[in-house]
Amino acid sequence: MPLLVASKSDLCSYNMANYIINNYEHEEIYNNFYRFDKFDLALISESLLHADWLDSKFNADYYICLSKHSSERNIPALTSHFTGNFNNAEYGGKSRELGYAYPSLQKEYMQNLYLKRDKLKRYEIVIEATHHGPTSINKPLLFVEIGSSVEEWNDINAISIVCDTLITSLSNIKSSKAAIGIGSTHYPLKFNKILQEESYSFGHIAPKYVLSYLDHNIIEQMLNRSRDSIETIIVEWKSLGSEKSRIINILNNYDLEVIKV
């Protein structure tokens, strides 16, 4: 059973949880823990970014954190991403530690959400690069987010479509060719296009602003901390800049397909 996790300290997260509780049949097993047909839902008081303790309290196959999305430009966006810190841990988790990814789950959800884009015309629909905590959970964890301001966090249309799409996606997670992504921006549009239009899914994505922190240890985590076996490394070639030779030398140690885009 997957566990959906929402935080009372996050307005959008709390709104998403309340939508699910109010619209799907369930049983409250104990205070703030709800059992549905194919998933559980837990309401916590703490920040989702610091919930590295989830494994010690719950027994789930994987976790999905329902969360607000914030950005400096407050662009309306529906995003999802895996967690991890390529360098120092500024927003939860441990420094230089990546959480576990579930590429096929993210692809199923994002593709299904993209099919609803005509009902979400205000919003960009895009995956994000790996960032923030928690990082020490030994099961896959995906953040599903709505942003980027109070207006979107209270948008019942977006909340209902995101939650309904997510729950539908849980019942039909198809296998895919899992890859990691190296390069591009925090919102990696080329990788997003590949995810939507080709057979690949993505686990961890290391954007260009963390390339100097990539070493054997981090690459090993990107490859191994995934529920799906990583078969491919997809590199946005032009964004590697001065790190190109060093990173390619590291990647040459692995007998994996490397695709330059």
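The amide H of Gly99, built 1.01 Å from its N in the peptide plane, has Thr83, Gly84, Asn85 as neighbours under 5 Å, considering only residues 5 or more places off or on other chains.
Between Leu141, Leu115, Leu170, the GNM of the chain built on Cα springs shorter than 10 angstrom shows Leu115 fluctuating the most. Accessible surface area normalised per residue over the chain is 44 Å², counting heavy atoms of protein chains with a 1.4 Å rolling probe. Measuring against 25 Å, Cα to Cα, the residue pairs Lys68/Lys116; Lys193/Lys244; Lys94/Lys121; Lys190/Lys244; Lys68/Lys238; Lys107/Lys190 contain Lys94/Lys121; Lys68/Lys238 as the ones spanning a longer distance. Sparsely packed loop sites in region 9-77 (the GluC sites (Glu not before Pro) outside DSSP H, G, I, E and B with at most 10 other Cβ atoms within 10 Å) comprise Glu25, Glu72. Among the trypsin sites (Lys or Arg not before Pro) within region 1-55, those in coil by DSSP and having at most 15 neighbouring Cβ atoms inside 10 Å are Lys8, Lys38. Sequentially through region 205-215, phi angles give Karplus couplings (6.51, -1.76, 1.60; θ = phi - 60°) of 10, 9, x, 5, 6, 10, 4, 5, 8, 6, 9 Hz, Gly and Pro residues having no value and appearing as x. Ranked by solvent-accessible area (1.4 Å probe, protein heavy atoms only, all chains present), the residues Asp228, Asp55 order from largest to smallest as Asp55, Asp228.
Surface composition of region 68-155: carbon and sulfur make up 43 percent of the accessible area, probe 1.4 Å.
Taking the chain as a Gaussian network of alpha-carbon nodes connected by springs under 10 Å, the highest mean-square fluctuation of the residues Thr79, Thr185, Thr130 belongs to Thr185. Against the main long axis of the alpha-carbon atoms of the chain, helix 103-114 sits at an angle near 60°. Restricting the calculation to Cα atoms, every distinct pair contributes to the Kirkwood radius of the chain, found to be 18.4 Å. Here the chain carries DSSP beta bridges of which approximately 25% are antiparallel, counting only pairs with both residues inside.
The values are calculated or read from the model by the stated rules, or taken from the named source; none is laboratory data. Everything numeric in this text was worked out from a predicted model, so none of it was measured. Cβ atoms come from the backbone with ideal geometry, glycine included; neighbour counts cover every protein chain shown. These accessible areas exclude ligands, DNA and RNA; they are computed on the full protein's heavy atoms, side chains included. Shrake-Rupley method; radii C 1.70, N 1.55, O 1.52, S 1.80 Å.
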